[in-house]
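**Q** My questions will all concern the structure given below.
The values are calculated or read from the model by the stated rules, or taken from the named source; none is laboratory data. Every value quoted in this text rests on a predicted model; they were computed, and no experiment measured them. Virtual Cβ from ideal backbone geometry, glycine too; neighbours counted across all protein chains shown. Heads up: the accessible areas ignore ligands, DNA and RNA and are worked out on the full protein's heavy atoms, side chains in. Shrake-Rupley method; radii C 1.70, N 1.55, O 1.52, S 1.80 Å.
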Amino acid sequence: MSEVKLAASIRTEFGKGAARRVRRDNRVPGVLYGHGTDPVHLTLPGHELLLALRTPNVLLSLDLEGKNELAIPKAVQRDPLKGHLEHVDLLLVKRGEKVNVEVPVVAEGELAAGGNLLEHVLNALPVEAEATHIPESFTVSVEGLEAGASVLAKDIALPSGVTLAVEEDAVVLQVLAAQAEEPAAEAAEGEEAAEA
């Protein structure tokens, strides 16, 4: 996992008006907290942060007015209509520290023939990993799985230093049999034939 370096500045103004001014300057207001320290209110560059957040559980190296801090995103608020970033909460981490995160699960391969459906019971797998070595995703092969088959959390291969933060028997993916519906046109024809 790579670190993304961002230049952050401490925020001294608070409230809606101040937040709007920050966003107008293409910056995003945020809060950095953790390790029992007082929360630090800051602003981050909007475009660079948006690009960094495309990677799940990205490790941010913040240059906070001369002081270097490591953080991971904990909560991101977006404008529901325009999609731009409104606010971000960052969790302070240290190198070597273990953190609980959710890592996306990606399924690959073709299911067995017969129109089966793959259900993602867990889109992301809760794990505990070192803050500087968080996997980007877990790839799971579903090649040839038939209806009724499931992939449990314990079936997913984890890199060294990563442990499950969910029960081993938790279902992550399951294969469902396709349910056939009787087409409405055929049902109508059957009724007409019965009336005649």
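**Q** Only residues that are at pLDDT 80 or above, within 18 Å of residue 94 (Cα to Cα) and touching a strand residue (DSSP E or B) at 6+ places or on another chain (Cβ under 8 Å): list them for segment 33-58, please.
**A** 33, 34, 37, 39, 40, 58
One line per residue, one yes/no per condition, for (1) among the charged types (D, E, K, R); (2) closer than 25 Å to residue 129 by Cα; (3) free of Cβ contacts under 8 Å to residues at least 24 places away in the same chain:
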residue: 8; (1), (2), (3): no, no, no
residue: 11; (1), (2), (3): yes, no, no
residue: 16; (1), (2), (3): yes, no, yes
residue: 23; (1), (2), (3): yes, no, no
residue: 27; (1), (2), (3): yes, no, yes
residue: 33; (1), (2), (3): no, yes, no
residue: 41; (1), (2), (3): no, no, no
residue: 45; (1), (2), (3): no, no, no
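**Q** Consider only pairs whose beta carbons are under 6 Å apart and that are at least six residues apart or on different chains; among these, list those whose first residue lies in segment 141-170 and is within 20 Å of residue 108 (Cβ to Cβ) and whose second residue is of a type in the set (D, E, K, R) and open to solvent by 70 Å² or more (accessible area, probe 1.4 Å).
**A** 141/108; 152/169; 153/168; 154/168
**Q** Follow-up. Is there a residue in segment 176-191 that is modelled with pLDDT of 85 or more, farther than 15 Å from residue 105 by Cα and either among the hydrophobic types (A, V, I, L, M, F, W, C) or open to solvent by less than 60 Å² (accessible area, probe 1.4 Å) (or both)?
**A** Checked segment 176-191: at least one residue is modelled with pLDDT of 85 or more, farther than 15 Å from residue 105 by Cα and either among the hydrophobic types (A, V, I, L, M, F, W, C) or open to solvent by less than 60 Å² (accessible area, probe 1.4 Å) (or both).
**Q** Which numbered condition trips up residue 22, out of (1) outside any helix (DSSP H, G or I); (2) buried (at least 18 other Cβ atoms within 10 Å of the Cβ)?
**A** For residue 22, the failing item is (1).
**Q** Let me ask you something else. For segment 25-53, name all the residues that are surrounded by 16 or more Cβ atoms within 10 Å (Cβ to Cβ) and small (Gly, Ala, Ser).
**A** Residues satisfying the conditions are 30, 34, 46, 52.
**Q** A further question follows. Inspect segment 54-62 for any residue being open to solvent by 20 Å² or more (accessible area, probe 1.4 Å) and assigned to a strand (DSSP E or B) and give the result as yes or no.
**A** Applying the first criterion (open to solvent by 20 Å² or more (accessible area, probe 1.4 Å)) to segment 54-62 yields 54-57.
Narrowing further to those that are assigned to a strand (DSSP E or B): none.
So far as segment 54-62 goes, no, none of its residues is open to solvent by 20 Å² or more (accessible area, probe 1.4 Å) and assigned to a strand (DSSP E or B).
**Q** Output the residues belonging to segment 90-113 that are open to solvent by less than 40 Å² (accessible area, probe 1.4 Å), within 30 Å of residue 141 (Cβ to Cβ) and outside any loop (DSSP other than H, G, I, E, B).
**A** 99, 101, 103, 104, 105, 107
**Q** Within segment 69-78, is even one residue open to solvent by 40 Å² or more (accessible area, probe 1.4 Å) and assigned to a helix (DSSP H, G or I)?
**A** Within segment 69-78, not a single residue is open to solvent by 40 Å² or more (accessible area, probe 1.4 Å) and assigned to a helix (DSSP H, G or I).
**Q** Another question, if that's okay. Whether any residue in segment 124-139 is farther than 24 Å from residue 31 by Cβ, open to solvent by 60 Å² or more (accessible area, probe 1.4 Å) and assigned to a loop (DSSP other than H, G, I, E, B) is what I want to check. I'd like the intermediate steps shown before the answer.
**A** Initially, segment 124-139 is screened for residues farther than 24 Å from residue 31 by Cβ, giving 125, 127, 133, 135-139.
Of the ones still in play, those that are also open to solvent by 60 Å² or more (accessible area, probe 1.4 Å) are 133, 136, 139.
Right, trim to assigned to a loop (DSSP other than H, G, I, E, B) and you get 133, 136.
Yes: one or more hits.
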